[in-house]
Amino acid sequence: MGYRSFGYQPRQFQYPARRKEDLEHQLQVEICNFLDTQMLFHKLAYFAVPNALKFLSTLGSSHKIAAAYNKMRAEGFKDGVSDLVVVLKGQNGLKVGFFEQKRAATYKISEKTGKRIINTPAGKTTESQETFLAEVRKLGAFGAVSFTLEEFKSHWATFIAS
């Protein structure tokens, strides 16, 4: 069976040491690579939903940020929308999954006590993200939050089986 990429090439990223702000990004890259391999076994399409806060923070002035945010809202931008959307062809029709990624906590070992202590706290979902996931679940779509690739794979298995 050949690789079905729908015209896109798989990502081949290698990252050096992870910084706090890169942890969620790296997780999403790993998940996308996993989904690329799932295309060998399932008929699916997926895409990332752009994060407006990351984009808007590059604009500098508050006037430009407000203007861009208002334009994006007029075009349909919604707060709290999940990071990845997956459309899967199942036996009984299409399934839609919304997957939010959050950075996992990182730990270090205390030199004094030898105990594990939190180095970077885990990311937390916002109220708007929780509200969005609750709304799509009420509509019959799948929604999940993942902190690790293994956790995403568990959610993926549930999504496939649903």
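The values are calculated or read from the model by the stated rules, or taken from the named source; none is laboratory data. In this text the structure is predicted, and so the values were computed from the model without any measurement. When we count neighbours, we look across all protein chains shown, and the Cβ atoms used for this are built from the backbone with ideal geometry, even at glycine. Note: accessible area is taken over every heavy atom of the protein model, side chains too, but ligands, DNA and RNA are not part of it. Shrake-Rupley method; radii C 1.70, N 1.55, O 1.52, S 1.80 Å.
Cβ contacts < 6 Å: first residue farther than 21 Å from Trp156 by Cβ, restricted to segment 124-142; second residue open to solvent by 40 Å² or more (accessible area, probe 1.4 Å), any location; separation 6+ or different chain. Result? So the pair list comes out as Ser128/Asp79.
Filtered by the rule that a residue be open to solvent by 70 Å² or more (accessible area, probe 1.4 Å) and in contact with a Ser or Thr (Cβ under 6 Å, 6 or more places away or on another chain), segment 63-84 gives a lone residue, Asp79. Going by the structure shown, is Phe98 of a type outside the set (A, V, I, L, M) and under 23 Å from Lys138 (Cβ atoms)? Yes: the conditions hold for Phe98.
Selection of helices (runs of 4 or more DSSP H) fully inside segment 45-162 by the criterion of at least 3 residues being within 21 Å of Cys32 (Cβ to Cβ) and aliphatic (A, V, I, L, M) returns 149-161. Whether a residue is without any contact (Cβ under 8 Å) to a residue 12 or more places away in the chain, surrounded by 13 or more Cβ atoms within 10 Å (Cβ to Cβ) and of a type outside the set (Lys, Arg) was assessed, and Ile109 does not pass this test.
Only residues that are loosely packed, with under 14 Cβ neighbours inside 10 Å and under 20 Å from Glu151 (Cα atoms) were counted in segment 30-40, giving 2.
Within segment 70-119, being touching a Leu at 6+ places or on another chain (Cβ under 8 Å) and acidic (Asp, Glu) holds for one residue alone: Glu100.
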